[in-house]
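Nothing in this text is a laboratory measurement; each read-out follows from the coordinates by a stated rule. Source: prediction; values computed, not measured. Ideal geometry is used to build each Cβ from the backbone, glycine not excepted, and the neighbour counts take in all protein chains shown.
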Amino acid sequence: MQQGRWAFAFFGVRGVGSLSSLAYAVGEAPALGGDWLGATVSFTIVVSVVLHGVLSTPVMSRLERLRPAA
């Protein structure tokens, strides 16, 4: 079960939290440069989606092999 928790932690929802934090930061301090921050957060989310898409099959296959037979 511990391996499943690690996988969930790795593949958990992060993009929504990043967008929420971005919206709050830009709303509180517009001088921070919302365009630059938006581009940075968007790039990070895209890289995360691609990385997780590539890694999801190998990680889930490994978890399946480690699961005890029922």
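Summary table below
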read-out: Distance (nanometres) between label positions extended 7 Å along Cα→Cβ at Thr44 and Ala69; value: 4.5
read-out: Sparse-neighbour loop sites [chymotrypsin sites (Phe, Trp or Tyr not before Pro); the stretch 22-70; at most 10 other C-beta within 10 Å; DSSP]; value: none
read-out: For q = 0.23, 0.26 Å⁻¹, Debye-computed log10 I/I(0) when each Cα of the stretch 24-64 counts as one equal scatterer; value: -0.73, -0.82
